[in-house]
Amino acid sequence: VLQFPTIEIAPPSSYDSLDRVIDGIGDYQWLIFTSANGVDAFFERLKHHGEDSRALAGVMVAAVGESTADDLRKHGVDPDLVPPKFQSTALLPLLDADQKGIRTAVVRAAEGREELIDELRRRGGEVDLAVGYQTRKVTAAADELHDIDVVTFTSASTADNFFDVLPDKKPIETAMLASIG
């Protein structure tokens with residue numbers, strides 16, 4: 001097994017959106033976390049505000065993926081909703097089709113996909129994005145790669161960046177490619 005990181009997790013360029021959500025946390029019906037990194041960033045920032053998990057009292061919490069749910073539990077929050085698939089859009093069939101009057105905050109990476117937010121808004125909901133972190137490309141030494149049988153991607157950004165840093169696709173021509181989510 002060779003680990004070949006293609007991204008690193010970094011603080012967001014601004015905490016403004018996350019701070020706005022934390023400051024108004026009681027105004028939300030739903031708080032959605034799309035990754036464990038988002039959970040960690042949210043609770044670090046919540047602590048910065050002098051708050052803890054009790055601030056989420058009365059807010060429904062959704063976690064995309066069991067790892068995200070486990071991270072929430074470590075912070076004392078048992079998620080109300082965890083979709084069976086590790087994809088943010090897997091939440092959509094589980095949420096009300098009519099989102100009118102429902103305010104939702106989505107905590108995710110700056111580079112996250114827009115499908116969930118767009119669809120909740122299309123359903124009439126008010127949705128605020130809370131950027132908890134950003135991903136940055138890691139320049140990896142592609143010459144380390146040879147005789148690869150399986151390549152596993154843990155996010156869309158890891159896949160995108162992998163192919164960016166691998167100019168010659170020969171080392172993975174016969175490899176099986178797998179992705180979570």
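The convex hull of the Cα atoms of segment 137-179, projected and averaged over all directions, covers 2.8 nm².
Measuring nothing but how far apart in sequence close Cα pairs (under 8 Å, 6+ apart) lie, relative to its length, the chain scores a relative contact order of 27 percent.
Can you list which of the DSSP-assigned H helices in the chain have a Cα extent of 15 Å or more along the long axis and an average Kyte-Doolittle score of at least -1.0?
Numbers: long enough: 36-48 (18 Å, -0.41).
Helix filter hits for the chain: 36-48.
Quick one: which of Lys100/Lys137; Lys85/Lys137; Lys74/Lys169 span more than 30 angstrom between C-alpha atoms? Cα-Cα > 30 Å for Lys100/Lys137; Lys74/Lys169; rest within.
What full-extension length gain, to one decimal in nm, is calculated for Arg20 and Lys100 as 0.36 nm per residue of separation minus the Cα-Cα distance? Could the numbers behind the result be given before it?
On the way: separation 80, 0.36 × 80 = 28.80 nm, distance 2.12 nm.
Between Arg20 and Lys100, full extension yields an extra 26.7 nm.
On full extension, the segment bounded by Met60 and Ile9 gains 15.7 nm, given 0.36 nm per residue less the C-alpha separation.
Calculate for the chain the 222 nm mean residue ellipticity that helices alone would give, adding -39,500 (n - 2.57) per DSSP H run of length 4 or more and normalising by residue count, nearest 500 deg cm²/dmol.
On the way: 5 runs with 48 residues, N = 181.
Helix-only estimate at 222 nm: -7500 deg cm²/dmol.
Protection proxy ranking, highest mean first, for peptides 116-123, 90-97, 67-74, 102-109: 102-109, 67-74, 116-123, 90-97, where packing is the per-residue count of other beta-carbon atoms within 10 Å, averaged. Any idea how far the Cα center of segment 1-42 sits from the one of segment 102-162, in Å? Segment 1-42 and segment 102-162 have Cα centres separated by 11 Å.
Shape analysis of segment 12-134 places it in the rounded category; the axes a ≥ b ≥ c from the Cα gyration tensor give an a/c below 1.5.
Residues of segment 88-120 with an amide N closer than 18 Å to a point placed 7 Å from the Cα of His49 along the Cα-to-Cβ direction: 103-110.
Bear in mind these aren't lab numbers, they're just calculated from the coordinates by the rules spelled out. Predicted model, so just to flag it, every value in this text is computed and none were measured. Neighbour counts are summed over all protein chains in view; Cβ atoms, including those assigned to glycine, are modelled from backbone coordinates with ideal geometry.
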